[in-house]
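The values are calculated or read from the model by the stated rules, or taken from the named source; none is laboratory data. Since this is a predicted model, take the numbers as computed values, not measurements. Here the Cβ is made from the backbone with ideal geometry for all residues, glycine too, and neighbour counts use every protein chain on show. Accessible surface is based on the protein model in full, side chains and every heavy atom, while ligands, DNA and RNA are left aside. Shrake-Rupley method; radii C 1.70, N 1.55, O 1.52, S 1.80 Å.
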Amino acid sequence: MLNLFRVIAARAPKSGTRSQDCNSKPKCPIHFEGVDGTGRCHTPQSLKDPGSGSGVRDWNRAVEIIRDMEIPAPPEQTQKPAVSISESH
């Protein structure tokens, strides 16, 4: 499970703390941490938009990105046998 939080910027009154709310304009950047759908552990880091590569500040967009990251990886495709069933008989 991945957790979202904001790291309040130095210009804000509560700088350096974690929060979901941010009163500054523009909003403080969103960070995430936890284990994704593939089992990979993420230390606290800034959330980047996969499309643009820029930091995410919109909470709704961050939730969408995290939801996609938490989807388990599809199982690996099994290899096709070199010999078909009809040839093996």
>> I'd like to verify a number: residues in region 3-31 that are open to solvent by 80 Å² or more (accessible area, probe 1.4 Å) and either closer than 14 Å to ILE66 by Cβ or modelled with pLDDT of 80 or more (or both), how many?
In response: 1
> So which of GLY34, GLY39 ends up being at pLDDT below 90 and small (Gly, Ala, Ser)?
Replying inline: GLY39
>> Restricting to region 32-46, count the residues that are charged (D, E, K, R) and either open to solvent by less than 80 Å² (accessible area, probe 1.4 Å) or over 11 Å from LEU2 (Cβ atoms) (or both).
In response: 2
>> Here's a check for you: in region 47-89, which residue that is small (Gly, Ala, Ser) and assigned to a loop (DSSP other than H, G, I, E, B) is farthest from LEU4 (Cα to Cα)?
In response: SER84
> Can you name the residue in region 48-80 that is open to solvent by less than 70 Å² (accessible area, probe 1.4 Å) and small (Gly, Ala, Ser) and is also farthest from PRO29 (Cα to Cα) among such residues?
Replying inline: ALA73
